[in-house]
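Here is the structure we will look at.
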Amino acid sequence: MRTTLTLDDDVAALLARAQQARKAALKAVVNEALREGLKQMLAPPPRRKRFETQAVELGRCLVGNLDDVAEVLAVAEGENFQ
C-alpha cells in the first residue's frame, strides 16, 4: 500500500536516528515502528496488582460518640466539655 504521511519534526528525527542505528531503509524502519506501536496500542492493558490496606487495631474509642463533632473536637483539644 502506498500512502503519504506528514510527520512531526520530532518523529522524523527519531526515525532518522533509528534508520542510522539499524542501517536500514526508511520503509523498513517505519513498518517496524508502526507494527510494534500498533501491537502495544491494541494490546489489552496490563493487569494491576490488587492493592490491599493492612488493618490495624486502634483499641477502643476514647470519645463516646463520633457523631457529635463538637464533643470530639473538645476532647481532642483538651477542653473540659460536658
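What follows is calculated from the coordinates using simple rules that are stated; it is not laboratory data. As the structure is a computational prediction, the values presented were derived from the model and not from experiment. Methodologically, a virtual Cβ is constructed for each residue, glycine included, from the backbone with ideal geometry; neighbour enumeration extends over all protein chains shown.
Numbers for the structure displayed
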| read-out | value |
| --- | --- |
| Extension gain from MET41 to GLU79, taking 0.36 nm per residue of separation minus the Cα-Cα distance | 7.7 nm |
| Loop GluC sites (Glu not before Pro), region 45-82, which have at most 13 other Cβ atoms in a 10 Å radius of their Cβ (DSSP) | GLU52, GLU57, GLU79 |
| Three-way shape label, the chain, alpha-carbon gyration tensor, a/c 1.5 | prolate |
| Sites excluded, trypsin sites (Lys or Arg not before Pro) in DSSP loops with at most 10 other C-beta within 10 Å, longest stretch of the chain | 24-46 |
| Dipole moment magnitude, nearest 20 debye, the chain about Cα centre, only Lys, Arg, Asp, Glu C-beta charged | 1440 |
